[in-house]
1. Tell me which residues, restricted to segment B:125-145, are surrounded by fewer than 21 Cβ atoms within 10 Å (Cβ to Cβ), more than 10 Å from chain A (Cβ to nearest Cβ) and hydrophobic (A, V, I, L, M, F, W, C).
2. Go through segment A:8-41 and give me each residue that's more than 7 Å from every other protein chain (Cβ to nearest Cβ), of a type in the set (A, V, I, L, M) and either assigned to a helix (DSSP H, G or I) or surrounded by 10 or more Cβ atoms within 10 Å (Cβ to Cβ) (or both).
3. Would you please name the residue that is surrounded by the most Cβ atoms within 10 Å (Cβ to Cβ), looking only at residues in segment B:161-191 that are among the charged types (D, E, K, R) and facing another protein chain (nearest Cβ under 10 Å)?
4. Can you pull out every residue in segment B:223-240 that is buried (at least 19 other Cβ atoms within 10 Å of the Cβ) and of a type in the set (A, V, I, L, M, F, W, C)?
5. Restricting to segment A:77-116, what's the tally of residues that are buried (at least 19 other Cβ atoms within 10 Å of the Cβ), within 17 Å of the chain's Cα centre (by Cα) and over 18 Å from B:A156 (Cβ atoms)?
6. Identify, please: which residue in segment B:38-62 is basic (K, R) and under 19 Å from B:G20 (Cβ atoms) and is, among those, nearest to the other protein chains (Cβ to nearest Cβ)?
7. Out of everything in segment B:225-252 that is part of a helix (DSSP H, G or I) and of a type in the set (A, V, I, L, M, F, W, C), what residue ends up being farthest from B:E350 (Cα to Cα)?
8. Return a yes/no flag: does segment B:225-238 have any residue that is acidic (D, E) and within 23 Å of B:Q116 (Cβ to Cβ).
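The values are calculated or read from the model by the stated rules, or taken from the named source; none is laboratory data. As the structure is a computational prediction, the values presented were derived from the model and not from experiment. FYI the Cβ positions are ideal-geometry reconstructions off the backbone, even for glycines, and counts take in every protein chain you see.
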Amino acid sequence: MKGVAFLGLGILKGMVVTGKNWVRSYFDSDRLITVEYPEAKMQLPENSRNFPFLVFDGDNAEANLRCTSCKTCEKECPPKCIRIVTAKDEKGKPFKHPEVFDIDISTCMSCQICVEVCPFDAIKMDSAYEYAAITRFDALVLTKRELAKPNEYYKKIKPVEAAEVDARLEADRKKKEEASKKKAAANVGG
Amino acid sequence: MSGLLVGDDEKRELLEVSLGPQHPSTHGVFRMNAVLDGETVVKLQPVFGYLHRNHEKIAESISYLASIPYTDRLDYFSSLTNNWAYCMAVEKLAGIEVPERAEYLRVILAELTRLQNHTAFLGFLLGDMGAWGSVLMYAFKERDEVLDLFEALTGARMMCNYFRFGGCRCDLPEGWVVQAKKVVANYPAFLDEMEQLLVGNEILVSRAQGVGILSGERAIAGAMSGPGLRASGVDYDIRKVDSYGIYDRFSFQVPLGDHGDTYDRLMIRFLEMRESIKILEQALGGLPGGEVMNPKVKIRNMRPPVGEAYARLEAPKGELGFYIISDKGPSPYRYRVRPPSLINLTLLEEMCVGLKLADLMIVLGSIDIVLGEVDR
């Protein structure tokens, strides 16, 4: 059909490459790239992201949740997998706390837009990935209780990013304190 | 039936075969209705739409920002170039400037994307030719190095979602440039090995040379773009034609093919990867400091002024364009993607008529399609 003489030299050359790699795999650990999951796991980079979680300070997951139920993430979420219901006190007046905060991780596409738009650094990306479930519905909807994780956990999985966030929050808090002090001083003076 | 079958007056005995949508070498859920005379292809009708996800209509109902993760899922092999093309269109529409460092990062990531896309392409095409497994594993081993870089920077290996209007989402983590330089420095050795493995191989040569010839004239008439067009000898690379971003600062060549056959389409990828490495070396060496995000831009609640914009770039598979019309609302009034895979695919019948059925798969593989982009 075409003018290629079938001498097999090209094939032999290719075989030499394969052979070299095979022999080297016995001596060179760079050639053994397979990680035997689940016995061994790869070290994930800090930026690695999977599903979001909610950050709380201190040790009370319910009271110290950073989320103020402003619903910015719910509005911005591209596949609309977040559901928030604002908490109400006895008189029926809403206050800044989520009564319900659900993320349907079967719909979530791990885009981290919720993290970017959150004005309170309350939602962050987790790098945990073993979420397999044996039921199709409820098990894949993470509720507030499952989503809430302490700031220490955040610091552990993303040390650099968490340090930045902590510094920023601390600066904001100080600014606010000073402002309120000034205000109080002005009130006393007036 | 599809209406492809030839009338009774035909003397030959023809057979209509439906290939796909669940066929391992159709690269996704793609179907071809082929009319065969013996083993020779007489007619071919591509059938697509099995992976339609309504991307364009969804984009018209969500905010400008929320479309970026959806663009990742068009051509899922090269999410970063998709992000860039979309951001470029919005930046054009809203008149947003991009800082210098972000422009460099965009070029670096786009070229890394091209590297890993073409590397995977080699593996898949050789898989179509019957060398299933070994070449793909060589390719994926190297591609993983690039994906590790993506993960360290963007957090995801494939759905990167990294570029934003007016820059990039975050700055490089520590040690990234060193690692990237290492990966780029190791790449030529991998390409040499790959060439040794493949280029002279008689089976590859006799299966690929002279198969699926597309003349430059017909490629232009069919609006083909990307490596497939250049393999037919047409000198058209949007990086050179538009020199979008900062591509005019780097010296690189546009490799061209002679024959426009499958072999040329394969080899042109090797040459393009070598040029990409050149660009990467220059860009990584000259990476300036500074901001990665234009501080004036608020990515939330974006409402670009009334108008329309079309932005295009040279994605690994060809010309990727985004056309957006804004009516100053929170989401685009009209949103349209010009996907290279779909338009390159329209020339499939022309390349395949007269070939054997087994060659059909190779020609399809050599166009380099991703069904996420064909069907959107």
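1. B:W132, B:L136
2. Hits for segment A:8-41 are A:L12, A:M15, A:V16, A:V23, A:L32, A:V35.
3. Within segment B:161-191, the subset among the charged types (D, E, K, R) is B:164, B:169, B:171, B:174, B:181-182.
Next, only the ones that are facing another protein chain (nearest Cβ under 10 Å) stay: B:164, B:169, B:174.
On the way: B:R164: 24, B:R169: 20, B:E174: 9.
So, considering only residues that are among the charged types (D, E, K, R) and facing another protein chain (nearest Cβ under 10 Å), the one surrounded by the most Cβ atoms within 10 Å (Cβ to Cβ) is B:R164.
4. Scanning segment B:223-240 gives B:M224, B:L229, B:A231, B:V234, B:I238.
5. Count: 2.
6. Keep residues of segment B:38-62 that are basic (K, R), which gives B:43, B:53, B:57.
Still in the running and under 19 Å from B:G20 (Cβ atoms): B:43, B:53.
Working: B:K43: 23, B:R53: 11 Å.
So, considering only residues that are basic (K, R) and under 19 Å from B:G20 (Cβ atoms), the one nearest to the other protein chains (Cβ to nearest Cβ) is B:R53.
7. Step one: filter segment B:225-252 for residues part of a helix (DSSP H, G or I), giving B:227-231, B:238-241, B:247-249.
Narrowing further to those that are of a type in the set (A, V, I, L, M, F, W, C): B:229, B:231, B:238, B:241.
Working: B:L229: 14, B:A231: 16, B:I238: 25, B:V241: 27 Å.
Out of the qualifying residues, it is B:V241.
8. Yes: one or more hits.
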